[in-house]
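Asker: What follows is a structure written as structure tokens; I'll ask about it next.
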Amino acid sequence: MFSNTPRGARSTAVLYSIMETATANGLNAPKYLEWLLDTLAVADTLDEAFLDQLTPWSEAIPDFCRMESKSGETNKHQCSTENGAPVSFGGT
């Protein structure tokens with residue numbers, strides 16, 4: 001995908017980062033993104049504690065956003081770095 005402007009390129013990079021971070025944390029990225037955007041549309045985005053619950057590594061993410069394992073169970077695995085920090089791709 002190509003962008004015509006620097007802002008478009010940055011927006012695309014942010015979207016890809018969210019999708020890859022969601023996938024790395026055991027989420028179905030399209031379902032997570034849909035849930036995230038629906039939630040943000042009606043959320044108090046100044047509430048940092050609430051926003052922390054929206055991160056892909058949060059235990060508060062609904063089960064329907066998680067990938068199912070081959071056995072049909074919901075994947076609640078969280079990816080983490082060697083020091084235990086959640087996996088995140090990209091930056092701000």
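The values are calculated or read from the model by the stated rules, or taken from the named source; none is laboratory data. Bear in mind that the values here come from a model prediction, so they are computed numbers and not experimental data. We place every Cβ from the backbone using ideal geometry, glycine too, and count neighbours over all the protein chains shown.
Asker: For region 59-92, which positions are modelled with pLDDT of 95 or more and surrounded by 10 or more Cβ atoms within 10 Å (Cβ to Cβ)?
Answerer: Once the filter is applied, which keeps residues that are modelled with pLDDT of 95 or more and surrounded by 10 or more Cβ atoms within 10 Å (Cβ to Cβ), region 59-92 yields ILE61, PRO62, PHE64, CYS65, ARG66.
Asker: Is there any pair linking a residue in region 14-41 that is of a type in the set (D, E, K, R) to one that is outside any helix (DSSP H, G or I) and crowded, with 18+ Cβ neighbours inside 10 Å, with Cβ under 9 Å and at least six apart or on different chains, and which?
Answerer: LYS31/ARG66
Asker: Just give me the residues in region 1-54 being out of contact with any helix residue (DSSP H, G or I) (no Cβ under 8 Å at 6 or more places or on another chain) and of a type in the set (Gly, Ala, Ser), in sequence order.
Answerer: Within region 1-54, GLY8, ALA9, SER11, ALA13, SER17, ALA24, GLY26, ALA41, ALA49 qualify.
Asker: Here's something else I'd like to know. Being of a type in the set (A, V, I, L, M) and at pLDDT 95 or above narrows it down to one of LEU15, LEU33, so name that one.
Answerer: Matching residue, one of LEU15, LEU33: LEU33.
Asker: Could you grab the pairs with beta carbons closer than 6 Å, sequence gap of 6+ or different chains, first residue in region 1-13 and free of Cβ contacts under 8 Å to residues at least 40 places away in the same chain, second one in a helix (DSSP H, G or I) and of a type in the set (A, V, I, L, M)?
Answerer: Taking only residues 6 or more apart or on different chains, the pairs are SER3/ALA9.
Asker: Across region 7-53, which residue is nearest to ARG66 (Cα to Cα) among those that are among the basic types (Lys, Arg) and surrounded by fewer than 13 Cβ atoms within 10 Å (Cβ to Cβ)?
Answerer: First pass over region 7-53, keeping only residues among the basic types (Lys, Arg): 7, 10, 31.
Checking the rest, the ones that are also surrounded by fewer than 13 Cβ atoms within 10 Å (Cβ to Cβ) come to 7, 10.
Numbers: ARG7: 30, ARG10: 27 Å.
Among those residues, the one meeting the criterion is ARG10.
Asker: Scan region 42-68 for residues that are assigned to a helix (DSSP H, G or I), under 23 Å from THR23 (Cβ atoms) and over 12 Å from the mean Cα position of the chain (by Cα) and jot them down. Give the derivation first.
Answerer: Filtering region 42-68 down to residues assigned to a helix (DSSP H, G or I) leaves 48-52, 63-65.
Next, only the ones that are under 23 Å from THR23 (Cβ atoms) stay: 51-52, 63-65.
Within region 42-68, ASP63, PHE64 qualify.
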